[in-house]
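A quick write-up on the structure given underneath.
The values are calculated or read from the model by the stated rules, or taken from the named source; none is laboratory data. Keep in mind that what you see is a predicted model, and the values were worked out from it rather than measured. Neighbour counts are summed over all protein chains in view; Cβ atoms, including those assigned to glycine, are modelled from backbone coordinates with ideal geometry. Note: accessible area is taken over every heavy atom of the protein model, side chains too, but ligands, DNA and RNA are not part of it. Shrake-Rupley method; radii C 1.70, N 1.55, O 1.52, S 1.80 Å.
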Amino acid sequence: MGVPQTTADTRWRCTLCGNLTRFDVTRTTKAVEYVHLDLAGEPKVEERDVVSETIESVRCRWCNAVDQIELVDRPGASA
């Protein structure tokens with residue numbers, strides 16, 4: 001089961017401790033990247049197009065809760 005993605009009007013909140021700012025996010029991303037190699041062979045990603053992204057888990061950094069994350073409105077979000 002994935003975790004809901006935040007939007008321009010929502011953010012995560014830990015229901016256990018109230019944390020709103022510090023989370024460890026585990027996500028799976030499928031992307032197409034344009035990689036430019038310089039003459040020494042060092043790669044640099046110049047363009048990145050995310051095809052799909054799934055958030056697998058969000059862990060609270062304050063209390064380590066994993067199953068206690070919810071979406072709440074951001075301050076000033078249009079209701």
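You can think of it this way: the chain between K30 and E56 has 8.0 nm of extra reach, that is 0.36 nm per residue less the Cα-Cα gap.
In region 25-66, Rg over Rh equals 1.24, where Rg is the alpha-carbon radius of gyration and Rh the Kirkwood radius from pairwise Cα distances.
Rounded to the nearest 0.05, what FRET efficiency do C63 and Q5 give with R0 = 30 Å and r taken as the Cβ-Cβ distance? Could you check? It comes to 0.85. The portion of the accessible surface of the chain made up by carbon and sulfur, rounded to a whole percent, is 49 (1.4 Å probe; DNA, RNA and ligands excluded). Listed options for Cα Rg over 2.2 N^0.38 Å are (1) 1.22; (2) 1.47; (3) 1.31. The value calculated from this structure is the one marked (2).
For the chain, the solvent-accessible area works out to 76 Å² per residue, with a probe of 1.4 Å and every protein chain left in place. Packing order of peptides 63-74, 37-48, highest average first: 63-74, 37-48 (average count of other Cβ atoms within 10 Å over each peptide's residues).
In this Cβ point-charge picture (+1 for Lys and Arg, -1 for Asp and Glu), the chain has a dipole of about 420 debye about its Cα centre. In loop segments of region 6-79 as defined by DSSP, the chymotrypsin sites (Phe, Trp or Tyr not before Pro) with at most 15 further C-beta atoms inside 10 Å of their C-beta are W62.
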